[in-house]
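One structure is given here, and the rest of the page talks about it.
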Amino acid sequence: MTATVHASPHMAAIPVHAAWGAAAGLVGGIGMGIWMSVSRPMMDTAMITMVAGLLGSTNAFVGWLIHLAIALFAGITFGVLLGEYARRLAPALVLGLAYGAVWWTLGALWIMPANMGMPVFTWNAVTASSLGAHLVFGLLAGVTFASIAQATGKRAGPAR
């Protein structure tokens, strides 16, 4: 007895979009990580070391590891949720910037400060610099995703 499973082209594209999103998240994460390594909005402390504080560290390498793990997750999620719409450059730019802003709201304004015992949803030099960093992430992730989609052609279903 055999069973045949038929998946729609959109469902079949999810693993491909997740892989493209992983690559896009890492590229965006590297760009954002560079921003956070040179940005020192508070007491001459690099933002990347603030990320290390999520695990009780002040080591920049630990900050990079945490940051890139989050970027990888965010990229995969971008690919799965928005990949079908981000296969061309213009939509990918807009979606990437919006996605970066969403992660800024969730991560920089809420999750990170809450985990570190700081006030949530506040505007200051750190959150302002973090907004720029998250927009860089989204821009680079969107451009990378669309570039991969264009370079691989139509192997993952129709572009919208």
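The values are calculated or read from the model by the stated rules, or taken from the named source; none is laboratory data. Note that the structure is a prediction, hence the values are computed from the model and not measured. When the accessible area is computed, the model is the full protein with side chains, heavy atoms only, and any ligands, DNA or RNA have been set aside. Shrake-Rupley method; radii C 1.70, N 1.55, O 1.52, S 1.80 Å.
Take the chain with all the other protein chains still there, run a 1.4 Å probe, and you get 53 Å² of accessible area per residue. Per residue, the convex hull spanned by the alpha carbons of the chain comes to 131 Å³.
Remark on region 29-71: hydrodynamic radius 9.8 angstrom, per the Kirkwood mean of 1/r across alpha carbon pairs.
The H on the amide N of ALA13, modeled in the peptide plane, is under 5 Å from the matching H of no residue at least 5 residues off or on a different chain.
Give the dimensionless ratio obtained when the Cα radius of gyration of region 103-156 is divided by 2.2 N^0.38 Å. That works out to 1.57 for region 103-156.
Relative to the longest principal axis of the Cα atoms of the chain, helix 125-151 runs at roughly 20 degrees.
From the helices alone, meaning DSSP H stretches of at least four residues, give me the mean residue ellipticity at 222 nm for the chain, per-run term -39500 (n - 2.57), in deg cm²/dmol to the nearest 500. -21000 deg cm²/dmol, from helical runs alone. To the nearest ten degrees, helix 14-38 and the longest principal axis of the Cα atoms of the chain are 20 degrees apart.
The long axis of helix 89-103 is offset from the longest Cα principal axis of the chain by roughly 40 degrees.
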